[in-house]
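For reference, the structure discussed in these notes is given below.
The values are calculated or read from the model by the stated rules, or taken from the named source; none is laboratory data. Small disclaimer: the values here were computed from a predicted structure and weren't measured. As a convention, Cβ positions derive from the backbone with ideal geometry for all residues, glycine included, and neighbour counts pool all protein chains shown. Just so you know, the surface numbers come from the protein's heavy atoms only, side chains and all, with ligands and any DNA or RNA stripped out. Shrake-Rupley method; radii C 1.70, N 1.55, O 1.52, S 1.80 Å.
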Amino acid sequence: LGRVGGLEVAAEPLNVFRLYEDRPRRWEAWDLDRDYHEKFEELSTPAARHAVIESGPLRGAIEFEHPIGRASRLVVRYVLDSDSDRLEVEVLVDWREERTILRAEFPTAVRARSATYGIQFGELERATHRNTSWEEARFEVPGRRWMDLSQPGLGLAILDDGIVGRNVRNGVMGLSLLRAPNFPDPECDRGEHRLRYALLPHAGDRHAAGSAGVDAEAESFADPLLVRRLVDAEAAAGGASEIRPVALEAAGAAGVEIAALKPAEDGDGVVLRLVEKHGALGRARITVPGWSSARAVDLRERDDPEAADLVRDEAGAYDVPLRPFEIVSIRLRS
C-alpha cells in the first residue's frame, strides 16, 4: 500500500513496458486502430542485469537491462538529481520486432474526467473515459513534450523529449515509444533508439508544478539551458558586447514564453515573439536595452498600420497585453 493525500491506496509500479500487437486494417505505417490496446504482452520478467551507475551527493542513477519481444533488448536508466522535482528515465532500445507497438505506461490513483496535453504554443484537453463514440475515436493524442493528469491537491505529469503519441485512460497514462510496420518499408524503425522522458509528481494543478508549471519544466527537460564561454576570437570581435539581454515579467494569470528573438527577415531591427501558453489574460512587461522603439507586427513581420508604437515607461520597459494563447510579434529598432 502507498499513501496519496493522506489515504492508503493500492500501489502499482510505474513505467510498465508493454508490447501491443499492431496490425491496422488499412495504411499500416500511418494508422493505429482504436482496439489495438486489447492485445498485449507485459514485460514482467526480472531484469537480466541491474547496476548502480551513480551514487553521489548530487545524482543517483540505476540501470536495468531486459530482453523483450522476439529479439529486442531494452536498457532503462533512472536518474534522480539532488533537489530535483522530477525522476528522469533514459531508455536505450535495440528494436527488432514486427508489427508491434512498444509503450511505457504509468498507472495512477488520480481521478479526473480529463487530462491535459502540451502542444506547441498551448495545450488541449481530452477525456480520460470512453463513454461516447467520439471519445472512443480519440484513443491516441498527438502531443508535444508533456501530458498531465491532476485532481485537487495532486497530479502527475509525464515530460518527454520528442515522443509524439500518448494517451490517458481510466487513470493510466501512456507513451507510445516505437512501432514496427512492415509496409511500405520492412525495416521501418528497426535498430537502436535512445528515448528520454521524466515523471513529475506535483501538488496542486499543472500550473503550480515545479518552479513555474508543468510546461516550463517540460521545456527545461527537453531544452536545458546551456552556458558557453566565448572563445578568444569571438571576444576580440566584440561578441560579448553584442549580447543584448531581454528581461520579462508576467502579470496576471498569463503564462508567457519568449518563443523567438531573431533578426528581422528584411534586416530592419530584430523581432521578439511572445506567446501566452496557459489560456489566460495577462500582461507582459519587457525590458530590452539598446532598442529605442517597439512596434507590433504580424507573423510575417509586416507592420500593422492600425497598431500604435508600444510606449516605453520611465524604467525603459514596454507593457504588452496578451489574450489567451495569443502569439505577439514585436519589431525592435535601435
Conditions (1) more than 22 Å from ASP223 (Cβ to Cβ); (2) open to solvent by 60 Å² or more (accessible area, probe 1.4 Å); (3) of a type outside the set (Val, Ile, Thr); number of the one not met by PRO263: (1)
Give GLU65, GLU38, GLU42, GLU28 a once-over and let me know the one that is open to solvent by less than 70 Å² (accessible area, probe 1.4 Å) and modelled with pLDDT under 95. GLU28
How many residues are under 30 Å from the mean Cα position of the chain (by Cα) and surrounded by fewer than 14 Cβ atoms within 10 Å (Cβ to Cβ) if we restrict to segment 294-318? 3
Report, ordered by the first and then the second residue, all pairs with beta carbons closer than 6 Å, sequence separation of six or more or different chains, a first member in segment 272-297 that is aromatic (Phe, Trp, Tyr), and a second member that is open to solvent by 10 Å² or more (accessible area, probe 1.4 Å). TRP291/SER334
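A quick yes/no check of all residues on (1) touching a Lys or Arg at 6+ places or on another chain (Cβ under 9 Å); (2) farther than 30 Å from ARG206 by Cα; (3) among the small types (Gly, Ala, Ser):
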residue: ALA284; (1), (2), (3): no, no, yes
residue: ARG295; (1), (2), (3): yes, yes, no
residue: ASP309; (1), (2), (3): yes, yes, no
residue: GLU326; (1), (2), (3): no, no, no
residue: SER334; (1), (2), (3): no, yes, yes
Checking ASP189 against (1) charged (D, E, K, R); (2) at negative phi; (3) in a loop (DSSP other than H, G, I, E, B): exactly one of these is not met. Which one? (2)
State which residue pairs qualify: first residue in contact (Cβ under 8 Å) with a residue 12 or more places away in the chain and inside segment 131-143, second residue of a type in the set (D, E, K, R) and in a strand (DSSP E or B) in any location, beta carbons under 6 Å apart, and separation of 6 or more residues or different chains. ARG138/ARG126; VAL141/ARG126; VAL141/ARG166; GLY143/ARG166
When segment 268-306 is checked residue by residue, the ones that are in a strand (DSSP E or B) and not aliphatic (A, V, I, L, M) are ARG273, GLU276, GLY282, ARG283, ARG285, THR287, SER293, ARG295, ASP303
Can you name the strands (runs of 3 or more DSSP E) wholly within segment 57-146 that have at least 1 residues being of a type in the set (Val, Ile, Thr), touching a strand residue (DSSP E or B) at 6+ places or on another chain (Cβ under 7 Å) and over 19 Å from ASP160 (Cβ atoms)? 59-68, 100-107
Output the residue which, of all residues in segment 173-210 that are within 17 Å of SER150 (Cα to Cα) and either among the basic types (Lys, Arg) or open to solvent by 50 Å² or more (accessible area, probe 1.4 Å) (or both), is modelled with the lowest pLDDT. ALA208
Taking ALA218 as meeting all but one of (1) small (Gly, Ala, Ser); (2) at pLDDT 90 or above; (3) assigned to a loop (DSSP other than H, G, I, E, B); (4) crowded, with 16+ Cβ neighbours inside 10 Å, write down the number of the exception. (3)
Which of the numbered conditions does TRP291 fail, given that it passes all the others? Conditions: (1) at pLDDT below 90; (2) open to solvent by 20 Å² or more (accessible area, probe 1.4 Å); (3) under 14 Å from PRO321 (Cα atoms). (3)
Out of the residues in segment 298-334 that are of a type in the set (Lys, Arg) and in contact (Cβ under 8 Å) with a residue 60 or more places away in the chain, which is farthest from VAL256 (Cα to Cα)? ARG333
